[in-house]
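K.L.:
I have a structure I would like to understand better, so I am pasting it below and will then ask my questions one at a time.
The values are calculated or read from the model by the stated rules, or taken from the named source; none is laboratory data. Since the model is a prediction, treat every value here as computed from it, not as a measurement. Virtual Cβ from ideal backbone geometry, glycine too; neighbours counted across all protein chains shown.
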Amino acid sequence: MSRREDLSWGVRLGLIMGAMYALLVVSLYAVSGPARFDRTGVSIGALCLLYLLGGLAAGAVLGVFRSALDERHSAFVVAVIAAFPISLGVTVLLTGNLSNWTMKEWSTTAFMSLFIAAIGISVLWKEPE
């Protein structure tokens with residue numbers, strides 16, 4: 001496959017994932033109301049945009065490094081990088097605006113990226129044919 005096809009594949013995948021997270025946020029808002037969002041100072045629109053842009057960034061990483069996904073160890077590294085934007089959105093949802101973050105929130109985001117990548121690689125990675 002060409003670089004352009006790889007990038008297109010990754011961006012599509014990332015946007016699908018970002019849209020799924022944005023839908024989760026909208027569902028959370030519909031079920032529990034605006035209290036969580038008011039408490040953290042992050043609007044639902046900003047968070048949905050963060051997830052969509054994060055999915056786009058994650059997908060671009062997957063597309064650019066698609067050839068590295070054939071080997072488990074390099075796939076894990078790519079997955080950690082790709083999981084970071086989504087982890088960032090989850091931490092924003094739980095704790096609020098980035099400008100107020102301390103080392104605790106940044107550490108949580110980094111650990112979540114590692115965790116998501118480990119689960120993703122364990123469940124989804126297959127030996128290339």
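K.L.:
What are the residues in region 27-52 that are out of contact with any Gly (no Cβ under 8 Å at 6 or more places or on another chain) and among the aliphatic types (A, V, I, L, M), if any? Working first, answer last.
P.N.:
Step one: of region 27-52, the residues out of contact with any Gly (no Cβ under 8 Å at 6 or more places or on another chain) are 27-38, 43-46, 48-49.
Scanning region 27-52 gives 28, 30, 31, 35, 44, 46, 49.
K.L.:
Under the condition of being surrounded by fewer than 16 Cβ atoms within 10 Å (Cβ to Cβ) and either touching a Leu at 6+ places or on another chain (Cβ under 6 Å) or touching a residue at least 40 places away in the same chain (Cβ under 8 Å) (or both), which residue from region 78-99 is nearest to residue 46 (Cα to Cα)?
P.N.:
Going through the qualifying residues, I end up with 97.
K.L.:
Would you be able to say whether some residue in region 108-125 is surrounded by fewer than 21 Cβ atoms within 10 Å (Cβ to Cβ), without any contact (Cβ under 8 Å) to a residue 12 or more places away in the chain, under 21 Å from residue 8 (Cα atoms) and of a type outside the set (Gly, Ala, Ser)?
P.N.:
Yes - at least one qualifying residue is present in region 108-125.
K.L.:
Filter region 16-59 for residues that are touching a residue at least 24 places away in the same chain (Cβ under 8 Å) and among the charged types (D, E, K, R); which is surrounded by the fewest Cβ atoms within 10 Å (Cβ to Cβ)?
P.N.:
Within region 16-59, the match that is surrounded by the fewest Cβ atoms within 10 Å (Cβ to Cβ) is 39.
K.L.:
While we're here: Out of all the residues in region 26-41, which are at pLDDT below 90 and in contact with a helix residue (DSSP H, G or I) (Cβ under 6 Å, 6 or more places away or on another chain)?
P.N.:
37, the sole residue that qualifies.
K.L.:
Closer than 21 Å to residue 119 by Cβ, of a type in the set (A, V, I, L, M, F, W, C) and touching a residue at least 12 places away in the same chain (Cβ under 8 Å): does that describe residue 13?
P.N.:
Values: closer than 21 Å to residue 119 by Cβ: yes; of a type in the set (A, V, I, L, M, F, W, C): yes; touching a residue at least 12 places away in the same chain (Cβ under 8 Å): yes.
Yes, satisfied.
K.L.:
Going through 58, 22 one at a time, which residue ends up being in contact with a Gly (Cβ under 6 Å, 6 or more places away or on another chain) and on the phi < 0 side of the Ramachandran plot? Write out each step before concluding.
P.N.:
On the way: 22 fails: in contact with a Gly (Cβ under 6 Å, 6 or more places away or on another chain).
Testing whether each residue is in contact with a Gly (Cβ under 6 Å, 6 or more places away or on another chain) and on the phi < 0 side of the Ramachandran plot leaves just 58.
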